[in-house]
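Report on the structure given below.
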Amino acid sequence: MRKFFGFSALAAVTASVTIALTQSAAAAVDPETAFIFNTLSFLMHGFLVMWMAAGFCMLEAGLVRTKNTTMQCAKNITLYSVAGLLYWLVGYNLMYMDVSGFMGSFAIWSGTDDVITADGFTGDGSGYAASSDWFFQMVFVAATASIVSGTVAERVKVFPFLIFTVLLTGFIYPIQGSWTWGGGWLSEMGFSDFAGSTIVHSVGGWAALAGAIIIGARTGKFGSDGSVHPMPGSNLPLATLGTFILWLGWFGFNGGSQLAMGSAADVRDIATIYVNTNMAAAAGVVAAVILNQIIYKKLDLTMALNGALGGLVSITAEPLAPSVGIAVMIGAIGGILIVIAVPLLDKLKIDDVVGAIPVHLVCGIWGTIAVVLSNGDASFTTQIIGIVAIGAFVVITSAIVWGVLKLTVGLRASEEEEFLGLDRAECGLEAYPEFGGGSGRV
């Protein structure tokens, strides 16, 4: 027979558990046990972030037109692979090894620095397998490249885009990442970005913005009279699936950024991060839906999807310190920013196919500023310095790379190829061959 507790008994049990957890959190952790659980955290959260690659792919495949779906899938699986190779060849060491203020060292990552000696595991319980850390950091850089892919879809040629991916993942991302996560000059100033609202998301957003401006809009997107011609995506159920996959992967993105799971305190903090991450996303959806209904009298699914992502990006800079109420507020403001920023880009004639710039750049900036709402050690001035410094570096370097590619190998498909669709022009395959002819009319 099930035993039920009265209120007072339940309160007593809760209090005893809380005391035990506090004592456990303060107690010394066996180094080998901590090593195992810290390594497990990097691997477990890392494969959740890797799953976000599928989320980005499905989101983009659903939001482009039928005739460009194969191209987006091909770009996403290839950019993930390129990111892994470049992060091994140069990116990781450039970001983390021997950082002297501005960047680390140029070397191939060797994976031989595990905290293990002939006598076993040593240290204070903060050790982990070097390979697990490399894997966790690698899937982050792949996410940055995926952000760019969606913005410049439907008109960029595949191999110039992949060349840009090589430079973004091998050099641009690691150099700016070393300034904070590698212990560089922004870290010394006190810039705070827990899981990457700026270091990952706005970096992808800045690179995407530079690309969208230099490549130009899709043919027919904007009329000579300033009108905006909608180009609806081909598969909104697929885009919705992609968003749910990203939402799930974000628990790895933010939870794994605790960088430890070897003590009760770490596990408690990871649970808090999960809750705040989830609630910020939910608030982003609801806020975007309500505001869109007020302004346009419609429940726009794409705004709801990007509202979720905007809430997730917004909480990423500080998912641990806020109360649930503050996390909800941060996510809701992210959702509101999405509804405002998407039509603003259209007015500026910046063609962002999937809305990545509002989600990752605008909400990334907001999330990084919002750190000061709950983190008493963060300074508003320092947060702004970090945002501006990273933004300027990424925009300038990205613009140079996009510009050189445009002047040399060329960036965008011809008008005829755009009309035909990049599936056939660049890939030679159609995602939906039964409907290929019809896709050309959209």
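The values are calculated or read from the model by the stated rules, or taken from the named source; none is laboratory data. Please read all numbers here as calculations on a predicted model, not as lab measurements. FYI the Cβ positions are ideal-geometry reconstructions off the backbone, even for glycines, and counts take in every protein chain you see. Accessible surface areas use protein heavy atoms only, side chains included; no ligands, DNA or RNA. Shrake-Rupley method; radii C 1.70, N 1.55, O 1.52, S 1.80 Å.
Some points to look at:
- So Asp351, is it in contact with a Phe, Trp or Tyr (Cβ under 9 Å, 6 or more places away or on another chain) and outside any helix (DSSP H, G or I): yes
- Applying a threshold of 8 Å to beta carbon distances and a minimum spacing of six or more residues, or different chains, the list of pairs starting in region 191-213 at a residue that is under 16 Å from Ala389 (Cβ atoms) and ending at one that is outside any helix (DSSP H, G or I) and small (Gly, Ala, Ser) reads Ser192/Ala317; Ser192/Ala378; Asp193/Ala317; Gly196/Ala317; Ser197/Ala317; Thr198/Ala317.
- Just one of the numbered conditions (1) more than 22 Å from Glu60 (Cα to Cα); (2) at pLDDT 95 or above; (3) not hydroxyl-bearing (Ser, Thr, Tyr) is not true of Gly223: (2).
Residue-by-condition table, conditions (1) touching a helix residue (DSSP H, G or I) at 6+ places or on another chain (Cβ under 9 Å); (2) open to solvent by 10 Å² or more (accessible area, probe 1.4 Å); (3) farther than 17 Å from Tyr87 by Cα:
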position: Thr151; (1), (2), (3): yes, no, yes
position: Leu162; (1), (2), (3): yes, yes, no
position: Gly170; (1), (2), (3): yes, no, no
position: Pro174; (1), (2), (3): yes, no, no
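- Residue pairs meeting the criteria (Cβ under 8 Å; at least 6 apart or on separate chains; first within 26 Å of Ala61 (Cβ to Cβ), in region 348-374; second of a type in the set (Asp, Glu)): Val353/Glu60; Val353/Glu154; Val354/Glu60; Pro358/Asp352
- Where a residue in region 129-143 is modelled with pLDDT under 90 and its partner, wherever it lies, is crowded, with 21+ Cβ neighbours inside 10 Å and not in a helix (DSSP H, G or I), with Cβ under 9 Å and at least six apart: Ala130/Trp109
- Qualifying position, being at pLDDT 95 or above and either more than 13 Å from Ser197 (Cβ to Cβ) or in contact with a Pro (Cβ under 8 Å, 6 or more places away or on another chain) (or both), among Gly311, Gly284: Gly284
- Condition check for Leu186: under 26 Å from Ser414 (Cβ atoms), touching a residue at least 12 places away in the same chain (Cβ under 8 Å), touching a helix residue (DSSP H, G or I) at 6+ places or on another chain (Cβ under 9 Å) and open to solvent by less than 20 Å² (accessible area, probe 1.4 Å): no
- Residue tally, condition open to solvent by 10 Å² or more (accessible area, probe 1.4 Å) and over 22 Å from Phe244 (Cα atoms), over region 79-96: 11
- Considering region 216-258, the residues that are touching a residue at least 60 places away in the same chain (Cβ under 8 Å), over 24 Å from Asp300 (Cβ atoms) and in a loop (DSSP other than H, G, I, E, B) include one that is most open to solvent (accessible area, probe 1.4 Å), namely Thr219.
- Matching residues, region 407-421, being in contact (Cβ under 8 Å) with a residue 12 or more places away in the chain and open to solvent by less than 60 Å² (accessible area, probe 1.4 Å): Gly410, Leu411, Ala413, Glu418, Gly421
- Elements of the type helices (runs of 4 or more DSSP H) sitting completely within region 132-189 and holding at least 2 residues that are more than 23 Å from Gly111 (Cα to Cα): these cover 158-167, 185-189.
- Scanning region 354-378 for residues that are outside any helix (DSSP H, G or I) and more than 17 Å from the chain's Cα centre (by Cα) returns Ser374, Asn375, Gly376, Asp377, Ala378.
- Only one entry in Ser379, Ser374 is modelled with pLDDT of 95 or more, touching a Leu at 6+ places or on another chain (Cβ under 9 Å), open to solvent by 30 Å² or more (accessible area, probe 1.4 Å) and over 24 Å from Ala208 (Cβ atoms), namely Ser374.
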